[in-house]
Amino acid sequence: MDTAPGMTLPDAGYRRGVLYVVMAGLCWSTIGLGVRLMQDANVWQILLYRSFGLLPVLLIFLWFRSGGKLGTAVRTAGWTSVLAAAALVSANIGGIYALQKTSVANAMLIFATAPFIAAFLGRLVLGERVRIVTVLTAVLAIFGVAIMVAGDARDGNISGNLVALGGAFGFAAYALALRSGKSVDMLPSVVLAGLFSIALTAPLAPVLGFSLTLSAHDLPIALALGIFQLGAGLVFFTLGSRTVPAAELTLLTLGEVVLAPVWVWLFLGETVGPDTLIGGAILLGALVINAVSGLRRKPLLISAP
């Protein structure tokens, strides 16, 4: 295809990276549908078997990427990776619980406030600068979340929203731990989070009185959440993040937030109320404005012949 003189085109690596990140958001967006399809599994059982599905995927990928030096890759991540893993476990617990207690739309939208929370935690803990646009859009996002939570509060169902907010704090703490260690590699910490989840869940079973086994219906869904929803999504995201700048990663993965309620509507008929639609639109608008304002992309370009 002919191009005008002087025009430049994004190189193949950048285009491929965008596709990988979009695929990551697509994988991650199936979490709500997976949790909704469960018949009997509780949050701890889902966490346990999702981790069983996740670990082989990440260990194989990490092994290939490290040239077979799997132990070195995990050790290099350091203690900050351990802290990040602990934060991620708490975020996953809050996320799964929230999806069981409130609408998928509400849960996913509230999870999406994590970048704002991370920005302010970064200011408090690491002394990082917070852009004025982030402050203003965070206020807008809080307004949108308040509308959604108020709608559920009128229906006497606020616990799911509050736990979702706690999950967002967990994800924000996870990002903060990675940044404090100057690490952009999430995979070792996610591997550790999977191991921590298994170590946490097994002793809890006799204390909380739930079985460590799942029904024939729930087991493959829980494993699929680990293999495809989280595992494949993380692999795609890791590959894409090599060539796609951070602000664009935020924008591209918003597909997760938008698509998650769509899947449960298409397959299960779950709808949302006006409060979620209004508050969610405000929140998504705030996220998009913040991400677009932060675009400082310097894409790899090739000169057109």
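The values are calculated or read from the model by the stated rules, or taken from the named source; none is laboratory data. Not measured: the values here are computed from a predicted model. All Cβ positions, glycine included, derive from the backbone under ideal geometry; neighbour counts span all protein chains shown. The accessibility values were calculated without ligands, DNA or RNA, using every heavy atom of the protein model including side chains. Shrake-Rupley method; radii C 1.70, N 1.55, O 1.52, S 1.80 Å.
Answer with one residue from Thr80, Gly95, Ile117: the one whose Cα lies farthest towards the positive end of the charge dipole of segment 1-122, charges on Cβ with Lys, Arg +1 and Asp, Glu -1.
Of Thr80, Gly95, Ile117, it is Thr80.
Rolling a 1.4 angstrom probe over the protein chains, ignoring ligands and nucleic acids, what is the accessible area of Trp44 in square angstrom, nearest 10?
Accessible area, nearest 10 Å²: 60 Å².
Distance between the C-alpha centers of segment 77-93 and segment 257-282? Whole Å please.
30 Å
Counting only protein heavy atoms and a 1.4 Å probe, tell me what percentage of the chain's accessible area is made up of carbon and sulfur.
About 70 percent, which is the carbon plus sulfur part of the accessible surface.
Mind sorting out which of (i) 1.02; (ii) 0.98; (iii) 1.09 is the real Rg/Rh (Cα atoms, Kirkwood Rh) computed from the coordinates?
The calculated read-out lines up with (ii).
Rounded to the nearest 20 debye, what is the charge dipole size of the chain about its Cα centre when +1 sits on each Lys and Arg Cβ and -1 on each Asp and Glu Cβ?
That gives a dipole near 960 debye.
For Trp63 and Val130 in the same chain, what is the full-extension length gain: residue separation times 0.36 nm, less their Cα-Cα distance, in nm?
Contour length minus the Cα-Cα distance gives 20.5 nm.
Send over a whole-number figure in Å² for the accessible area per residue of segment 23-79, probe 1.4 Å.
Value for segment 23-79: 47 Å² per residue.
Accessible area per residue for segment 173-253 in Å², computed with a 1.4 Å probe and the full protein assembly in place, what is it?
43 Å²
Rounded to whole Hz and in sequence order, give me ³J(HN,Hα) for segment 203-220 from the Karplus expression 6.51 cos²θ - 1.76 cosθ + 1.60, θ = phi - 60°, writing x for Gly and Pro.
These are the phi-based 3J(HN,Hα) values: x, 6, 3, x, 5, 8, x, 10, 7, 8, 9, 10, 5, 4, 7, 7, 4, x Hz.
Dipole magnitude of segment 163-274 about its Cα centre, charges +1 at Lys/Arg Cβ and -1 at Asp/Glu Cβ only, in debye to the nearest 20?
Using only the charged Cβ atoms, the result is roughly 320 debye.
Ranked from highest to lowest mean number of other Cβ atoms within 10 Å per residue, what is the order of the peptides 197-210, 159-172, 266-279?
My ranking of the peptides, most packed first, is 159-172, 266-279, 197-210.
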